[in-house]
Structure formats: C-alpha cells, structure tokens
Amino acid sequence: SALPADAGYLLAAVMLARDNPVSAEQTLAVLAYADPPVDLSDDALVMIGRARHSRRRLDEAAEAYASALERFPDSDLRAEIRFLAAENFVKMGRLEEAAHHLAAVSEERGARRLAFEARIRLAEVYLDIGRLDDALEVLGDVERRTTDRDDLDRVLLLRGRTQEAMGEFEEAISTYEGI
C-alpha cells in the first residue's frame with residue numbers, strides 16, 4: 001500500500017507547519033531515500049530542501065535540490081526543483097549557478113507557466129550580475145512569446161530597468177511610456 005508513504009508525507013507537512021522541522025526532516029528522509037523509491041520520494045526530497053531553505057541552511061538545501069535532480073531524472077517536479085534551487089543560489093549570492101538553473105527550467109517538461117517566471121527571474125539575475133546584453137536577449141525572447149498584457153508589462157518594466165543600467169535613458173523612458 002502507498003498509504004503509509006502518503007501518511008508519512010502528510011505528517012511531515014504538518015510537522016513543518018507546526019514549526020518542528022527536525023522531526024519533519026527525519027520523517028521525510030525515510031521517504032526521500034526509500035529503496036526502491038516510492039511515489040512521493042521526489043516530493044519528500046523537495047520538501048526537505050524547502051525546510052532547510054526556510055531555516056537558512058542554504059548549503060544543505062542546495063544539496064537536497066541537487067540530490068533530487070540527480071536521483072529523479074524523470075520527475076514531473078524537475079522544473080520546480082530547478083526554480084527552487086535557483087532561488088536558493090540567489091539567496092546564497094551564487095548568481096551564476098542560479099542563472100544556470102533558471103535557464104534550464106524551460107527545458108523541463110510541463111514547465112510552461114513556471115518557465116515564464118524563470119525567464120523573468122533569469123533576466124533579473126543577469127541584471128544583478130551585470131550581464132545586461134543577456135538580460136535584454138532573454139526579455140526580447142519572453143516579449144515575443146507573451147500575449148498577456150500584465151505579463152508583458154512586467155517584461156517591459158524589467159527592460160526599462162535594464163536600459164537604465166546600460167545608460168540608455170531615452171530608450172528606458174520610451175519603454176516606460178509605452179507601458
């Protein structure tokens with residue numbers, strides 16, 4: 001039966017909600033590293049990463065996300081795992097590694113909406129590390145694929161910020177006026 005695994009996963013979620021992350025991690029580890037893996041093994045490893053991230057154990061969270069990507073190459077959660085890993089690396093100040101994961105989100109199956117968010121975040125990371133041409137390239141690609149007006153405005157606002165960073169103030173003004 002899969003029910004003990006489901007119960008363990010839900011128990012760990014409640015433990016986390018009740019601010020008992022150590023016990024939650026112990027329960028999740030049984031699921032995450034089950035041999036052979038159970039249906040929730042990938043979810044459990046992701047939750048371990050989230051728990052560690054929330055406790056500011058960023059290196060350990062990075063290990064959990066890397067392990068999830070390695071152990072579950074066919075997981076439906078891969079796009080989410082990459083996004084979470086990227087945000088963890090941003091918090092660690094490891095922006096190049098964050099950019100690597102953000103760029104890979106769109107290559108994962110089932111990542112359509114998350115891919116948009118990852119591309120926006122990738123442009124922000126590029127802006128933060130001074131890769132301004134790369135940021136504009138990503139934004140141009142996203143702009144061509146975006147039909148939602150609110151999403152397009154987010155892209156254009158970020159384009160304006162990037163243009164400002166490049167010292168292209170007239171272009172930035174034009175971009176902001178276009179919004």
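The values are calculated or read from the model by the stated rules, or taken from the named source; none is laboratory data. On a predicted model such as this, the values are computed, not experimentally measured, just so you know. All Cβ positions, glycine included, derive from the backbone under ideal geometry; neighbour counts span all protein chains shown. What goes into the accessible areas is simple: the full protein's heavy atoms, side chains included, and nothing from ligands, DNA or RNA. Shrake-Rupley method; radii C 1.70, N 1.55, O 1.52, S 1.80 Å.
Please pick out the residue among Ala44, Ala7, Ala62, Ala86 that is exposed (fewer than 13 other Cβ atoms within 10 Å of the Cβ) and in a helix (DSSP H, G or I).
Details: Ala44 fails: exposed (fewer than 13 other Cβ atoms within 10 Å of the Cβ); Ala62 fails: exposed (fewer than 13 other Cβ atoms within 10 Å of the Cβ); Ala86 fails: exposed (fewer than 13 other Cβ atoms within 10 Å of the Cβ).
Within the list Ala44, Ala7, Ala62, Ala86, the selection yields Ala7.
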Inside the stretch 10-25, can you point out the residues that are within 17 Å of Glu60 (Cβ to Cβ) and surrounded by 17 or more Cβ atoms within 10 Å (Cβ to Cβ)?
Ala12, Leu16, Pro21, Ala24, Glu25
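Filter the stretch 133-144 down to the residues that are crowded, with 18+ Cβ neighbours inside 10 Å and not small (Gly, Ala, Ser) and list them by number. Steps first, answer last, please.
Narrowing the stretch 133-144 to residues crowded, with 18+ Cβ neighbours inside 10 Å: 134-136, 138-139, 142.
Listed by number, the residues that qualify are Asp134, Leu136, Val138, Leu139, Val142.
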Members of the stretch 10-41 that are in contact with a helix residue (DSSP H, G or I) (Cβ under 6 Å, 6 or more places away or on another chain) and either part of a loop (DSSP other than H, G, I, E, B) or acidic (Asp, Glu) (or both)
Glu25, Ala34, Val38, Leu40
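Considering only residues of the stretch 145-179 that are part of a helix (DSSP H, G or I), polar (S, T, N, Q) and open to solvent by less than 60 Å² (accessible area, probe 1.4 Å), which is farthest from Asp134 (Cα to Cα)? Show your work before the answer.
Applying the first criterion (part of a helix (DSSP H, G or I)) to the stretch 145-179 yields 145, 149-165, 169-178.
Pick out the ones that are also polar (S, T, N, Q) and you get 162-163, 174-175.
When the remaining residues are screened for being open to solvent by less than 60 Å² (accessible area, probe 1.4 Å), the result is 162-163, 175.
Working: Thr162: 10, Gln163: 12, Thr175: 18 Å.
Looking at residues that are part of a helix (DSSP H, G or I), polar (S, T, N, Q) and open to solvent by less than 60 Å² (accessible area, probe 1.4 Å), I get Thr175.
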Kindly evaluate His53 against the criterion of being part of a helix (DSSP H, G or I), open to solvent by 30 Å² or more (accessible area, probe 1.4 Å), closer than 23 Å to Ile120 by Cα and modelled with pLDDT under 95.
yes
Search the stretch 89-116 for residues being part of a helix (DSSP H, G or I) and of a type in the set (Lys, Arg), and hand back the single one that is farthest from Leu139 (Cα to Cα).
Lys91
